[in-house]
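Written below as structure tokens is the structure these notes are about.
The values are calculated or read from the model by the stated rules, or taken from the named source; none is laboratory data. Predicted model only: the values in this text are computed from it and were never measured. Glycine gets a Cβ as well: all are built from the backbone with ideal geometry, and neighbour counts include every protein chain shown.
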Amino acid sequence: MSEKPIGVAVLGLGNVGTEVVRIIEESAADLEARIGAPLQLRGIGVRRVAKDRGVAEELLTDDIEKLVSRDDVDIVVELMGPVEPARKAIMAALEGGKSVVTANKALMAQSTGELAQAAEKARVDLYFEAAVAGAIPVIRPLTQSLAGDSVVRVAGIVNGTTNYILSAMNDTGASYESALADASALGYAEADPTADVEGYDAAAKAAILASIAFHTRVTADDVYREGITKVSAEDFASAKALGCNIKLLAICERLVSGKGKQRVSARVYPALVPLDHPLASVNGAFNAVVVEAEAAGRLMFYGQGAGGAPTASAVMGDVVMAARNRVQGGRGPRESKYAKLPIASIGAIPTRYYVNMNVKDQPGVLSAVAAEFSRHEVSIAEVRQEGMTDPEGEPCGARIVVVTHRATDAALSDTVKALAELDVVQDINSVLRMEGSDS
Ligand code: NAP
């Protein structure tokens with residue numbers, strides 16, 4: 001057993017960094033036993049060096065470059081956040097022969113391979129388990145446990161803020177605006193919630209998951225994205241009537257054409273999910289990822305997708321792996337992008353749809369609406385129609401909810417355009433996809 005200490009530099013002392021430093025300090029004896037050498041904290045990179053930061057002041061530095069290049073640092077743990085300066089610090093660390101652990105999803109989802117290439121060249125580890133779904137182990141199961149299987153689909157709830165908002169809307173009948181205000185007041189949504197509610201955060205995670213699952217480089221720009229800002233209380237009422245919940249899903253799929261040509265689809269959008277699907281009952285700020293592989297079948301991973309301590313758990317798992325590799329002289333699996341599958345455009349993706357529209361309450365409306373679906377070869381699975389009344393209780397048209405069988409996004413878009421032009425259709429209130437049911 002090697003006794004030479006493994007030196008660690010932690011960049012960032014925020015929500016996650018504070019918990020990582022705490023675990024390194026409080027669990028030193030256990031970590032040493034698991035690694036086969038002591039883990040020693042060499043320094044912590046921050047912007048503000050001060051006495052009141054809850055750690056020994058001499059560990060703190062604002063000179064990230066100097067900390068990362070120290071000879072006694074073997075592993076750099078990047079927990080600063082933005083793409084820059086994180087990218088620069090990580091590149092410097094890798095080029096200097098240090099292994100790197102990061103939780104930076106934005107950076108990993110943008111990376112076009114230069115970080116992995118630098119790790120490869122220096123023959124060191126680059127781990128990022130915490131970049132997707134916080135504490136939930138999903139990167140390592142995909143890269144290692146399922147390395148001998150073929151993943152078909154990864155679908156998950158990977159953003160806690162939006163799941164909290166959608167769960168509140170489902171439970172209380174609240175509007176999106178009021179559920180967002182509550183989430184902000186309780187600290188579940190940031191002051192600027194754009195990255196969460198517009199689906200950017202989930203899209204970054206989808207890119208990372210798709211890249212790993214399908215051995216193909218997928219960046220955040222390749223991911224089709226819709227946020228949750230247009231989901232209404234009325235959509236939840238209709239979803240309930242249809243036996244569904246509404247969830248923001250990140251879906252990564254390997255599509256195989258009739259001629260055997262494979263493509264990758266990565267997409268993020270709110271979708272109706274039947275209540276008997278495992279993702280339908282994932283509530284509050286929790287995350288879950290369902291992986292389907294050819295031999296393994298369906299696997300589900302569930303737990304806390306964010307927060308300082310849960311995220312630090314995933315970070316420390318990577319740190320221990322990287323440290324063991326240092327002690328034993330090996331490396332973890334290198335980046336695998338050999339398949340190089342093309343990315344499918346959203347127009348070609350077949351899913352089921354839910355279309356909610358206001359129509360004139362007159363004979364022949366239903367058949368006119370049905371005719372447009374039929375004309376665009378979109379098959380209807382279910383139709384619900386109800387009368388509407390104005391605030392004085394007078395009849396004022398009707399609402400039609402249509403659920404389709406599988407159709408391509410392109411066919412559905414054409415149908416909706418045509419419906420909007422019909423004289424009998426007053427408004428298309430919403431169009432959502434339905435996932436997790438086969439027909
Ligand atoms: P945070 O609370 O905002 O902390 C960021 C830390 O980085 C702060 O200590 C800050 O220093 C330091 N920092 C930022 N820019 C710096 C710079 N230019 N030079 C030196 N230090 C700098 O962030 P966090 O919530 O811990 O998140 C850290 C990373 O983990 C992010 O990539 C995030 O996406 C990822 N992550 C977070 C969670 C979560 O639940 N929080 C979950 C999964 C992944 P000062 O303290 O001096 O300002």
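Being within 12 Å of the ligand (Cβ to nearest atom), part of a helix (DSSP H, G or I) and not hydrophobic (A, V, I, L, M, F, W, C) is the filter here; which residues of the range 291-317 pass it?
Of everything in the range 291-317, those that are within 12 Å of the ligand (Cβ to nearest atom), part of a helix (DSSP H, G or I) and not hydrophobic (A, V, I, L, M, F, W, C) turn out to be Gly308, Pro310, Thr311, Ser313.
How many of the residues making up the range 105-114 are in contact (Cβ under 8 Å) with a residue 60 or more places away in the chain and more than 7 Å from the ligand (Cβ to nearest atom)?
Going through the range 105-114 one residue at a time, the tally reaches 6.
Every residue in the range 55-104 that is under 16 Å from Val16 (Cβ atoms) and either without any contact (Cβ under 8 Å) to a residue 24 or more places away in the chain or hydrophobic (A, V, I, L, M, F, W, C) (or both), please.
Once the filter is applied, which keeps residues that are under 16 Å from Val16 (Cβ atoms) and either without any contact (Cβ under 8 Å) to a residue 24 or more places away in the chain or hydrophobic (A, V, I, L, M, F, W, C) (or both), the range 55-104 yields Val55, Ile75, Val76, Val77, Leu79, Met80, Ala86, Ala89, Ile90, Val100, Val101, Ala103.
Name the one entry in Asn163, Asn170, Asn159 that is closer than 22 Å to Leu79 by Cα, touching a residue at least 60 places away in the same chain (Cβ under 8 Å) and either in contact with a strand residue (DSSP E or B) (Cβ under 7 Å, 6 or more places away or on another chain) or surrounded by 24 or more Cβ atoms within 10 Å (Cβ to Cβ) (or both).
Asn159
Being closer than 30 Å to Glu26 by Cα, surrounded by 18 or more Cβ atoms within 10 Å (Cβ to Cβ), out of contact with any Gly (no Cβ under 7 Å at 6 or more places or on another chain) and not aromatic (Phe, Trp, Tyr) is true for just one of Ser313, Ser238. Which residue is that?
Ser313
What residue, among those in the range 1-26 that are more than 17 Å from Ile75 (Cα to Cα) and loosely packed, with under 15 Cβ neighbours inside 10 Å, is modelled with the lowest pLDDT?
Across the range 1-26, the extreme among qualifying residues is Met1.
Being away from the ligand (no atom under 16 Å from the Cβ), without any contact (Cβ under 8 Å) to a residue 40 or more places away in the chain and closer than 25 Å to Asp62 by Cβ narrows it down to one residue among Glu25, Glu3; which is it?
Among Glu25, Glu3, only Glu25 is away from the ligand (no atom under 16 Å from the Cβ), without any contact (Cβ under 8 Å) to a residue 40 or more places away in the chain and closer than 25 Å to Asp62 by Cβ.
As an exercise: evaluate Val55 against (1) of a type outside the set (Gly, Ala, Ser); (2) in contact with a helix residue (DSSP H, G or I) (Cβ under 7 Å, 6 or more places away or on another chain); (3) not in a loop (DSSP other than H, G, I, E, B) and give the number of the one condition it does not meet.
(3)
List pairs: first residue in the range 292-311 and under 16 Å from Arg153 (Cα atoms) and without any contact (Cβ under 8 Å) to a residue 24 or more places away in the chain, second residue within 16 Å of the ligand (Cβ to nearest atom) and in a strand (DSSP E or B) anywhere in the structure, Cβ distance under 9 angstrom, at least six positions apart or on different chains.
Within 9 Å, the pairs are Met300/Ala288; Met300/Val289.
Residues of the range 82-104 being within 10 Å of the ligand (Cβ to nearest atom) and buried (at least 19 other Cβ atoms within 10 Å of the Cβ), which ones?
Once the filter is applied, which keeps residues that are within 10 Å of the ligand (Cβ to nearest atom) and buried (at least 19 other Cβ atoms within 10 Å of the Cβ), the range 82-104 yields Ala86, Ala89, Thr102, Ala103, Asn104.
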